[in-house]
Every structure is written in C-alpha cells, then in structure tokens.
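Take a look at the structure set out below.
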Amino acid sequence: MTVAAQPTARPHRQQAQPIQPTCAVATGTIVVSAPTGAGYEYNIDGGSYQASATFAGVSAGSHNLLVRSTPDNTCISTVTVVTVAAQPTAPAAPTASTTIQPTCAVATGTL
C-alpha cells in the first residue's frame, strides 16, 4: 500500500485590487494580483470557480474572494474581503445668468 504525500499547503493569501466605478461606469472590476498563474482558480462571493483572476461588472459593496489549487481543489485560501465603492455622483448642473447683454456698441455679453 502506498500512502500519498500530503498536498501542498493552501495557496498564499491572495491580494486583490478593485478598479472603482466612475460616473460613466456603474460597476467595478476586481483583479486578484497574487497568487496567479497556472494551478489556481478564483471565486467571488461563493459562485463558481473560474480560471481568470479578473471579475468585471462587480456591484458596489464588500465581496469575498477565494483562491484554490487546481491540482487539489480541497486546498482553498482563506477569504480576502475587497470593497467596491458606490458609483460617484455627477456634479450638479452649472448655474449661470446673463449679467451684461450685448449692445449695438459691444457685440458680446458677459455671463
């Protein structure tokens, strides 16, 4: 009888950086920066694991990320929480009024 060697340790604690929403794009993107490469799969909020370390279209709020080893999918990292900020609000519309109207002698006005 052969006893297999113990699987490698859990993947290193992952690092992730969110790309925050803008006025033009309401959702964020989370990119896992470590560990990456062959042999890892990535999970956000308990969904399906995927080969890509990028999660696009992520809503505002806190999100739980996991990394697992593909040679032994029981080797799973601890959770890293990444927060995507809410979409920023656009500035208020400008307010303007005409203070000096053009005249026959002056062709331009002043706002």
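The values are calculated or read from the model by the stated rules, or taken from the named source; none is laboratory data. Computed from a predicted structure; not experimentally measured. Backbone-built Cβ (ideal geometry, glycine too); neighbour counts: all protein chains shown. Calculation scope for accessible area: heavy atoms of the full protein, side chains included, ligands and nucleic acids excluded. Shrake-Rupley method; radii C 1.70, N 1.55, O 1.52, S 1.80 Å.
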Run the simple label-point estimate for Thr80 and Ser48 please: 7 Å along Cα→C-beta, distance reported in nm.
2.4
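Once you have the Cα-Cα distance between Ala107 and Ser33, take 0.36 nm times their residue separation minus that, and quote the gain in nm to one decimal.
Numbers: separation 74, 0.36 × 74 = 26.64 nm, distance 5.98 nm.
Separation in residues times 0.36 nm, less the Cα-Cα distance, equals 20.7 nm.
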Between Asp72 and Ile19, what's the calculated FRET efficiency when r is the beta-carbon distance and R0 is 41 Å? Round to 0.05.
0.85
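Could you look at the chain and say what percent of its accessible area is carbon and sulfur, using a 1.4 Å probe and all protein chains? Walk me through the intermediate numbers first.
Details: 4380 of 7510 Å².
It is 58 percent, rounded to a whole number.
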P(r) of the stretch 24-111 over all Cα-Cα pairs, binned every 5 Å from zero, in whole percent
3, 11, 18, 14, 9, 6, 5, 4, 4, 4, 4, 5, 5, 4, 2, 1, 0
